[in-house]
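Accompanying notes for the structure given below.
The values are calculated or read from the model by the stated rules, or taken from the named source; none is laboratory data. Fair warning: this is a prediction, and the values are worked out from it, not measured in the lab. All Cβ positions, even for glycine, are placed from backbone atoms using ideal geometry, and neighbour counts span all protein chains on display.
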Amino acid sequence: MALRSKQDYIGSISALNTELYAYGKQVNDLWDHPCFRPAMEAIGMVYELSEHDGDKGFYTAHSPFIDGTVNRFLHIHQNQEDLRNRFRLSRFLVHKHGACIGARCVGTGALNSLFATTYDMDQGLGTDYHRRLISFIKYVQENDLAVSGAMMDVKGNRKMSPHQQADPDLYLHIVEKREDGIVVRGAKASISGAAIANEIVVLPCTALKAEEVSYAVSFAVPSDAPGVLHIAEAPAPNMRRLVGEEMDYGNAKYGVHGSTHVIFDDVFVPRERVFMCGEYTYAGSLVSHFANLQRLNTSSCKAGHRDLLIGAAAVAADDNGIGNARHISEKLTDLYFQSEMSFGCALASIYTGEKTRSGVFMPDPLYINIAKLQGVNAIWEGNYIVADIAGGLVCTSPTAADLKHEKIGVLLNKYLKGSDKTSTENRIRMLRLIEYLTGQGSVVPIESTHGAGSPQAQKIIIQQSLMKKIEKFKTDAKIMAGIEK
Ligand SMILES: Cc1cc2nc3c(=O)[nH]c(=O)nc-3n(C[C@H](O)[C@H](O)[C@H](O)COP(=O)(O)OP(=O)(O)OC[C@H]3O[C@@H](n4cnc5c(N)ncnc54)[C@H](O)[C@@H]3O)c2cc1C
């Protein structure tokens with residue numbers, strides 16, 4: 001079985017024995033929970049689309065490892081075209097779900113970055129990690145599993161490296177090595193879809209020093225492995241899902257990330273599932289491969305969010321009767337320009353990308369960091385533009401229950417009506433979508449700013465690239481000015 005159905009996926013998550021807490025209560029049925037079901041619906045939709053892809057190769061790809069069709073999120077990028085197809089998929093899917101599908105999307109980055117680094121480790125050190133990884137890749141491909149990726153440690157005092165922390169567990173580390181595997185302890189923060197994925201692939205969070213060998217660890221565990229505990233995110237829009245109705249969510253069916261903070265309380269990992277165990281000199285390259293791939297995926301996915309935002313703002317302007325005003329189309333064009341600049345840079349990173357020694361194709365680090373950073377700017381600037389276009393009702397609209405109320409419903413329908421061409425309900429629905437997309441409740445801006453790394457992380461790589469070229473740029477300028485020959 002290389003492609004599962006949506007029902008297979010939902011059934012497999014429900015069958016897990018995941019220890020998960022949300023809003024101070026233990027959650028026993030994720031599918032029934034108002035804050036996890038929308039994220040599972042989004043992942044389920046990806047399964048549904050892939051199952052019916054036929055031989056089109058849009059949602060699926062041919063895996064050389066199992067010699068069969070696999071979901072594209074589980075594919076190892078063999079060439080430039082593979083990477084481009086994976087990149088485009090995120091934007092396209094966001095048009096349909098408007099949410100986060102980290103339980104599939106981040107897995108691609110984790111598996112592909114490990115593919116490159118385990119190969120290098122085996123070549124340089126004679127280890128056996130690449131073979132183990134390939135057998136794990138075959139397992140997830142053959143069973144079409146949802147795989148999340150957990151790199152980000154909780155990190156404690158950011159000025160201190162892992163071995164300097166007051167509490168050694170603030171970065172995940174190995175606490176015991178056994179003949180048959182390892183035992184790990186620590187916590188990974190804000191992991192997209194970790195509880196609604198079948199597997200979690202864990203990576204180190206930063207480059208490491210010789211005294212930090214126990215932090216150089218990578219492995220895979222089922223999301224319900226004994227000792228793994230999930231604590232749910234609680235962004236503001238989720239609260240409305242606990243008290244409101246479908247119309248109040250903005251994104252009626254999908255939405256939210258389904259992220260959890262994942263605690264590893266002395267978790268045993270069998271040897272065959274360990275992909276790094278102390279090789280600290282390779283942690284840095286693994287982290288940068290993963291970061292670059294996640295920046296590529298987020299550059300595509302956030303372009304999709306901005307497309308939805310442009311559409312929603314245009315409808316809101318129509319609903320207010322000002323759709324044809326010149327300044328509206330100028331503002332939307334500006335947002336589109338900012339957005340495509342990020343998407344175009346990300347595409348450029350694929351065209352200037354390279355195959356690593358392992359054979360996996362990776363994006364160019366400079367252009368993908370520029371793309372991610374520009375994408376964040378476009379989101380924040382876009383939020384301002386769209387808040388401006390949509391008006392204050394984005395954050396002051398009443399609820400579905402108010403609209404239905406015997407007395408005030410009549411008043412709201414009369415006084416909150418915009419143009420004659422739309423109903424009050426539909427006007428408010430669109431404003432709720434804008435509220436959701438602009439993250440008045442935190443979803444998109446915070447996720448796009450920090451997901452795949454804070455802006456400073458991209459600036460450092462861009463600055464390093466410039467520093468390598470600056471002397472040449474200076475010399476060229478001096479020659480042109482006739483100062484040097
Ligand atoms: C919705 C969401 C989903 C996510 N999903 C995933 C996922 O699936 N997998 C995963 O691995 N991670 C995930 N993340 C984590 C994400 O990668 C981190 O949030 C991000 O890298 C920033 O880390 P932080 O949140 O700890 O912020 P911090 O690192 O604390 O950053 C806050 C500020 O501190 C600055 N700073 C940090 N360290 C230093 C220092 N040493 N010196 C000076 N300044 C410093 C930063 O530049 C920034 O300005 C997700 C995050 C979000 C918000």
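Among the residues of segment 158-168, what is the count of those that are away from the ligand (no atom under 11 Å from the Cβ) and under 25 Å from the mean Cα position of the chain (by Cα)? Within segment 158-168, residues that are away from the ligand (no atom under 11 Å from the Cβ) and under 25 Å from the mean Cα position of the chain (by Cα) number 1.
Just to be sure before I move on: is ARG240 more than 20 Å from PHE290 (Cα to Cα), in the same structural domain as ASP32 (by TED's automatic domain parsing) and buried (at least 18 other Cβ atoms within 10 Å of the Cβ) in the structure I sent? Before you say what the answer is, go through the steps one by one.
Values: more than 20 Å from PHE290 (Cα to Cα): yes; in the same structural domain as ASP32 (by TED's automatic domain parsing): yes; buried (at least 18 other Cβ atoms within 10 Å of the Cβ): yes.
Considered against the rule, which asks whether it is more than 20 Å from PHE290 (Cα to Cα), in the same structural domain as ASP32 (by TED's automatic domain parsing) and buried (at least 18 other Cβ atoms within 10 Å of the Cβ), ARG240 comes out as yes.
Count of segment 183-219 residues, restricted to those that are small (Gly, Ala, Ser), away from the ligand (no atom under 14 Å from the Cβ) and farther than 13 Å from TYR171 by Cβ, is 1.
The residue of segment 170-224 that is farthest from the chain's Cα centre (by Cα), among those that are among the polar types (S, T, N, Q) and more than 28 Å from LEU30 (Cα to Cα), is SER214. Among the residues of segment 284-302, those identified as surrounded by fewer than 24 Cβ atoms within 10 Å (Cβ to Cβ) and hydrophobic (A, V, I, L, M, F, W, C) are VAL287, ALA291. Across segment 111-157, the number of residues qualifying as within 16 Å of GLY359 (Cβ to Cβ), buried (at least 17 other Cβ atoms within 10 Å of the Cβ) and either within 16 Å of the ligand (Cβ to nearest atom) or without any contact (Cβ under 8 Å) to a residue 24 or more places away in the chain (or both) comes to 6. Take the conditions (1) within 16 Å of the ligand (Cβ to nearest atom); (2) crowded, with 16+ Cβ neighbours inside 10 Å; (3) part of a loop (DSSP other than H, G, I, E, B); ILE76 misses just one of them, which is (1). Residues being aliphatic (A, V, I, L, M), at pLDDT 95 or above and outside any helix (DSSP H, G or I) are entirely absent from segment 341-350. Of all the numbered requirements in (1) touching a strand residue (DSSP E or B) at 6+ places or on another chain (Cβ under 9 Å); (2) within 12 Å of the ligand (Cβ to nearest atom), ARG271 misses one, and that requirement is (2). Please note which strands (runs of 3 or more DSSP E) are completely contained in segment 207-285 and include at least 1 residues that are more than 30 Å from HIS130 (Cβ to Cβ) and in contact with a helix residue (DSSP H, G or I) (Cβ under 9 Å, 6 or more places away or on another chain). By residue number, 228-232, 260-270.
Which ones in segment 165-202 are among the charged types (D, E, K, R) and either assigned to a strand (DSSP E or B) or at pLDDT below 95 (or both)? Walk me through how you get there before you give the answer.
If we filter segment 165-202 for residues that are among the charged types (D, E, K, R), which is where we start, we get 167, 169, 176-180, 185, 188, 199.
Passing the criteria: GLU176, LYS177, ARG178, ARG185, LYS188, GLU199.
Does segment 5-14 contain any residue that is touching a strand residue (DSSP E or B) at 6+ places or on another chain (Cβ under 9 Å) and assigned to a helix (DSSP H, G or I)?
Let us first name the residues in segment 5-14 that are touching a strand residue (DSSP E or B) at 6+ places or on another chain (Cβ under 9 Å), namely none.
Checking segment 5-14: not a single residue is touching a strand residue (DSSP E or B) at 6+ places or on another chain (Cβ under 9 Å) and assigned to a helix (DSSP H, G or I).
From the residues in segment 248-257 that are at pLDDT 90 or above and surrounded by 18 or more Cβ atoms within 10 Å (Cβ to Cβ), which one is farthest from the ligand (Cβ to nearest atom)? That would be ASP248.
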